[in-house]
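Worksheet: the structure to be examined is printed underneath.
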Amino acid sequence: MEKKYEGLFQPLTLPNKVTLKNRFVLAPMTHVSSHDDGTISDVELEYIEKRSKDVGLSISAASHVTPIGQAFTGQPSVAFDSDIDGLKKLAQAMKKNGAQALVQIHHGGAKSLPSLTPNGDVVAPSEIHMQAQPPHNPSKVDEDYHGREITVDEINETIKAFGEATRRVIESGFDGIEIHGANHYLIHQFVSPYYNRRTDEWKYDDFKFPLAVIDEVVSVAKEYANEDFIIGYRFSPEEAESPGISMELTKELLEILVQKPLDYLHVSLGDIHSKTREGKYSGESRLHLLHEWIGGKLPLIGIGSIYTAEDALRGFETGDTELIALGRGILLDHDFVGKIKDGRADEITSEFDPDRADLHELPERLWHQLNDGHYGVPRTK
């Protein structure tokens with residue numbers, strides 16, 4: 001490999017003493033390829049094995065912890081013990097070449113689709129009208145529906161569901177979990193003043209819900225897993241809605257998260273070099289601010305619009321992220337990391353070719369999603 005890329009291939013030891021073989025992370029990407037009941041499919045196994053083989057940390061697609069939290073078709077489930085057999089195969093595929101394998105545990109909240117949930121029921125921190133335009137399910141575009149306010153009893157049941165999902169992940173042989181607190185899904189919604197208008201103990205600015213989920217996951221891991229079980233947390237630092245999550249609010253959240261027994265934080269960004277929208281920190285690098293606020297207490301995973309080796313290098317060389325997650329870039333080329341390592345960085349496929357179904361080696365459903373213009377990947381034409 002070229003010398004300039006060597007830093008990306010240096011190992012990193014997490015707070016729990018687990019060492020990752022390099023700085024690349026397979027981002028948790030929706031692949032719409034699980035069976036309709038949420039169990040793992042063979043095409044899903046092939047897809048994720050290819051994309052896990054060269055990274056240090058591999059994170060599965062968002063997997064719902066309860067059927068009422070299903071947010072897109074072909075979504076994996078960790079809601080039932082009957083899911084474990086398939087999850088064991090998924091763990092083996094992801095770990096086959098030395099990556100640490102994690103499951104991202106998820107609840108869609110207001111963004112769960114009534115066409116997928118039991119009895120069309122959708123819950124949210126507060127009652128909210130939604131217009132479904134799910135990026136991975138175009139047949140449901142413009143579906144109008146309401147998310148009802150989740151009850152206190154249901155909140156507690158949901159927290160337990162995250163814990164039960166963690167137990168299943170452990171029993172399936174994974175190395176850890178990532179808690180999905182980003183992208184407008186349930187945990188994110190509880191942090192957001194746009195989605196969470198409650199006045200009880202579960203109001204947004206107390207951060208009680210995400211912290212309760214973390215505590216439940218940590219407790220279950222202590223009971224069922226070894227000390228080297230990895231626990232990460234993904235978050236979105238800002239949202240466009242008003243009033244929404246601001247960088248100021250995120251700073252408050254991070255001050256609490258770094259005190260929790262987590263092994264990393266994972267910021268969700270469309271562009272790793274993006275700037276803040278407004279407020280006190282307007283126009284500043286989001287990644288730089290977050291890294292500064294974390295203060296070296298936990299590793300930070302950066303992500304966003306990384307399609308080439310140079311994109312990955314520029315993101316890493318900011319010094320504001322310990323790990324680089326590959327999302328859409330590794331969808332397009334599962335040999336992204338291997339080509340850099342083998343001195344073939346200029347051979348990375350960084351655009352989607354709608355005339356080459358063979359080029360990207362994607363499951364059929366996912367191929368059609370990209371071909372229909374979803375995921376926002378660069379295209380050859």
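Dividing the alpha-carbon radius of gyration of segment 180-220 by 2.2 N^0.38 Å (N being the number of residues), what value is obtained?
On the way: Rg = 10.2 Å, N = 41, 2.2 N^0.38 = 9.0 Å.
Compactness ratio reported: 1.13.
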Self-check item: Cα Rg, Dmax (largest Cα-Cα span) when computed across segment 225-381, Å
Solution: 17.5, 50
Practice problem: Please give the peptides 227-235, 350-358, 174-182 ranked by average Cβ packing (other Cβ atoms within 10 Å per residue), highest first, as a rough proxy for protection. | Solution: 174-182, 227-235, 350-358
Quiz prompt | Within segment 1-113, percent of DSSP bridges classed antiparallel, to nearest 5 | solution = 20 percent
Self-check item: 222 nm mean residue ellipticity, helices alone, for the chain (DSSP H n ≥ 4; -39,500 (n - 2.57); rounded to 500)
Solution: -9000 deg cm²/dmol
Quiz item: With each label point set 7 Å from Cα along the Cα-Cβ vector, what nm distance links D153 and H129?
Solution: 3.0 nm
Self-check item: Environment charge of K96, counting only residues whose C-beta is closer than 9 Å and scoring Lys/Arg +1, Asp/Glu -1
Solution: +1
Quiz prompt | Residues of type lysines that K275 reaches as a straight line, Cα spacing below 17 Å, ignoring anything fewer than 8 places off in the same chain | solution = K251
Quiz item: Using the Cα atoms of segment 187-247 to build a convex hull, what is its mean projected area in square nanometres?
Solution: 4.8 nm²
Exercise. Using a 1.4 Å probe over the heavy atoms of the protein chains, calculate the carbon and sulfur portion of the accessible area of segment 253-296 as a whole percent.
Key: 45 percent
Quiz item: Mind checking the dipole of segment 1-143: about its Cα centre, +1 per Lys or Arg Cβ, -1 per Asp or Glu Cβ, Debye to the nearest 20?
Solution: 940 debye
Practice problem: Evaluate segment 23-68: find the radius of gyration of its Cα atoms, find its Kirkwood radius, and give the ratio Rg to Rh. | Solution: 1.00
Quiz item: Per-residue accessible area for T39 at 1.4 Å probe radius, Å² rounded to 10?
Solution: 40 Å²
Exercise. With a point put 7 Å past each Cα toward its Cβ, work out how far S219 is from E351 in nm, to one decimal.
Key: 5.4 nm
Quiz prompt | Alpha carbon Rg of segment 295-361, scaled by the compact-globule rule 2.2 N^0.38 Å | solution = 1.22
Self-check item: Cβ-Cβ FRET estimate between D121 and E46, R0 fixed at 22 Å, reported to 0.05
Solution: 0.05
Practice problem: Please give the length that would be gained between D85 and E292 if that part of the chain were fully extended, namely 0.36 nm times their separation in residues minus their C-alpha to C-alpha distance (nm, one decimal). | Solution: 70.3 nm
Quiz item: If you line up the Cα atoms of segment 269-309 on their principal axes, what length do they span on each, largest first, in Å?
Solution: 32, 26, 11
Quiz item: Which semi-axes, in whole Å and largest first, does the equivalent ellipsoid of segment 27-147 have when worked out from the alpha carbon gyration tensor as the square roots of 5 times its eigenvalues?
Solution: 28, 14, 12
Exercise. Using label points projected 7 Å from each Cα along Cα→Cβ, tell me how many nm separate T19 and N97, to one decimal.
Key: 2.1 nm
Practice problem: Compute the separation of the alpha-carbon centres of segment 202-231 and segment 18-57 and state it in Å as a whole number. | Solution: 23 Å
Self-check item: Protection-proxy order for peptides 65-76, 313-324, each taking the mean of Cβ atoms within 10 Å per residue, highest first
Solution: 65-76, 313-324
Quiz item: Within the set K96/K222; K95/K260; K17/K111; K3/K95, which residue pairs have Cα atoms separated by over 30 Å?
Solution: K17/K111
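In what sequence, highest mean first, do 153-159, 289-295 appear when ranked by Cβ atoms within 10 angstrom?
289-295, 153-159
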Quiz item: For the chain, what is the Kirkwood hydrodynamic radius in Å, using each pair of distinct C-alpha atoms?
Solution: 20.7 Å
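The values are calculated or read from the model by the stated rules, or taken from the named source; none is laboratory data. Note that this is a predicted model, so its numbers are computed, not measured. All Cβ positions, even for glycine, are placed from backbone atoms using ideal geometry, and neighbour counts span all protein chains on display. Note: accessible area is taken over every heavy atom of the protein model, side chains too, but ligands, DNA and RNA are not part of it. Shrake-Rupley method; radii C 1.70, N 1.55, O 1.52, S 1.80 Å.
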